1. Which entries of 472/519; 303/352; 303/346; 303/489; 445/530 have Cα-Cα distances beyond 20 Å here?
2. From zero outward in steps of 10 Å, how is the percent of C-alpha pairs of segment 249-339 spread across the bins?
3. Hey, what number do you get for the chain at 222 nm if only DSSP H runs of n ≥ 4 count, each worth -39500 (n - 2.57), divided across all residues, to the nearest 500?
4. Could you state the orientation-averaged shadow area of the convex hull built on the Cα atoms of segment 367-449, in nm² to one decimal?
5. Gain in length, residue 445 to residue 396, computed as 0.36 nm per residue apart minus the alpha-carbon separation, to one decimal in nm?
6. Pull out a ≥ b ≥ c, the square roots of the eigenvalues of the alpha-carbon gyration tensor of segment 32-127, then state rounded if a/c is under 1.5, prolate if not and a/b is larger than b/c, and oblate in the remaining case.
7. Hey, any idea what Rg/Rh is for segment 336-494, computing Rh the Kirkwood way over Cα pairs?
8. So how far, in whole Å, is the C-alpha centre of segment 330-372 from the one of segment 441-494?
Amino acid sequence: MSELVSQPTSIQSIYNWFRNDQLYVNRRYQRKLVWTLEEKQKLIDSILSKYPVPAILIAERDGLPGTYEIIDGLQRLHAIVSFIENTFPTLDGKVFDLNLFPTAKSYSEDGLFDMAEGYDLLTQKDVSTILDYSIALSVMRNATEEEINDVFDRINTYGHRLSDQERRQAGVQNDFSDLVRDVACSIRGDVSNDVLPLGLMPSISIDLPMTRHGYEVRADDVFWVNQGVLRSTDLRDSMDEQCIADILASIATGELIPRSKDALDEIYTETSDQSDRVLSALDVYGPERLKEEFNHCVSEIEKVCHASGAKKLRSIIFKTRTTNPFPSVFAVLIVAFHELIVKESKKVRDYKAVGRALDNLIERIEHTRKATSPEERRKNVDTIKGLIVSCFEDSDAQNIYGQHTSVDIDNSIRRSEIETSCYELKQGVLSLGQKRTMDKSVFAKVINTACAIANNGPNSGGGKIIIGVTDKQVDARRIAKMDNMEPRKVGRKFVVGVRREIKVLDITMEEYYSMWRDKIKSSPLSEELKGSLLSNMDFNDYYGYGVITISICPQKDVSFVGDDIYWRSGDSTVKAKNAKEVGVITKRF
């Protein structure tokens, strides 16, 4: 049984908690950062006016005294700490004066955030008012996961502050809700651990076009908005998760469900007949298998758009110019692709032809309110299949499993920005000088890095090395000029691919891929790690760029390169130089 303790705490102390990674967010039920600039500014104005603000509820993390999970008050807490770090001004255009708060100033000087320029500064009195302001904190101690979930659900049921889909996802934790969240994160590109420090929330939150909070995931780059399926504001209300839930339930059960609020509510109602039916079907189907199939179908649709002259899916579906979202049409389109690829074991033969077949699809299917019934949705799926089936050919459906789709690669690139010790990106093996000679040291660096990532420990979750990506804009520009190609921007990284190197080296893709395999095979890596790397290498065409992905699975024992041990320090690979460093690594296993 949990106990609730009142713990009024100054903002100065809360900021220290924030920077010491003592405040955590559980993504299983918490939404992203969604407050508008005005909402943030009004909160700061209330604090400056010494008005009371709503209490914040946190729970002490099990086994980790002094660290807390935020249950209610995520938006408020982040608004407060981000104001201190100069990410936005007050309503009258003033920013927090870091010179009057040495703790925050030192973090800025260390490069953790930038000091704002060109603004008027708050007075010393106002800075003191903010730092000394006491936030009403309620702390749940010894709370079980079930109690935390129940409290969060009750808070948001009473307050009606979440969208329908956010309330569904927050209200129940089971295999279906976990799968919906997992798939949604992979498509949006904000994949992360379930629990992460408050300070990392901007890296997995969505920056809307009109807000520009500086969050890492730009709405315009997200599949749903980029292809016109949803508006950017729909992401804020988790409409993408609602669409995914509809599709996954239909595929898992083998029957299209009614497209309605009541149907989804029923699926998310514990112990309801529909919930039991979906969970039973999903248990048989397999969540991971369904996720791979969904991501594969999304990647295939992206390839259709790319082959159609980089058209948006919306411009293919609609002949006339429109900004209307079309999640219902997208749902039946995905189901049609899924049935052809998975159920009928086919693959796309001609992506450009699929785009032509889908041209002005909206005029060939039912898209009025009548199209929400399972019967009409089935007619739409069959119509789409009839239009595109001639562009497919027989294949082995098993080939889609265990492969890196374009969605997976995008996610790995984005994760590399926040999980630096587990990911490494390399532009390729050719130098960027005029002679384009092969830099053979790249192979050794990749092998050493694979060893280092493996030495993160058996509970680290592993990692990836991706060949064909650079994090340096200057290199991307140079490659674009030298190889006459346009890099693809993903987050802050640039996909330049390896096909350009294959062309320069005048070898085949198979020969290039074999070159990397041979270097790993002949390396002095620990045999178990070496075998794992060779079994988990993958070449993906990735929109014609060509990308090699090397997955590093968690190892049971310390890995070596010859007699040397390597480890990761942030995004750097370091050779252990003394017994103390070796001991630290050994203790992980």
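1. Long pairs (Cα-Cα over 20 Å): 472/519.
2. Values per bin, smallest distances first: 14, 38, 30, 15, 2.
3. Value at 222 nm, helices only, nearest 500: -13500 deg cm²/dmol.
4. Mean projected area for segment 367-449: 11.7 nm², to one decimal.
5. Full extension from residue 445 to residue 396 adds 14.0 nm.
6. Note, shape of segment 32-127 comes out oblate.
7. Ratio of gyration radius to Kirkwood radius for segment 336-494: 1.11.
8. 35 Å
The values are calculated or read from the model by the stated rules, or taken from the named source; none is laboratory data. Keep in mind the model is a prediction, meaning the values are calculated, not measured. Heads up, the Cβs are rebuilt from the backbone with ideal geometry, glycines too, and the neighbour counts pull from every protein chain shown. In case anyone asks, the SASA skips ligands and DNA or RNA and just uses the protein heavy atoms, side chains included. Shrake-Rupley method; radii C 1.70, N 1.55, O 1.52, S 1.80 Å.
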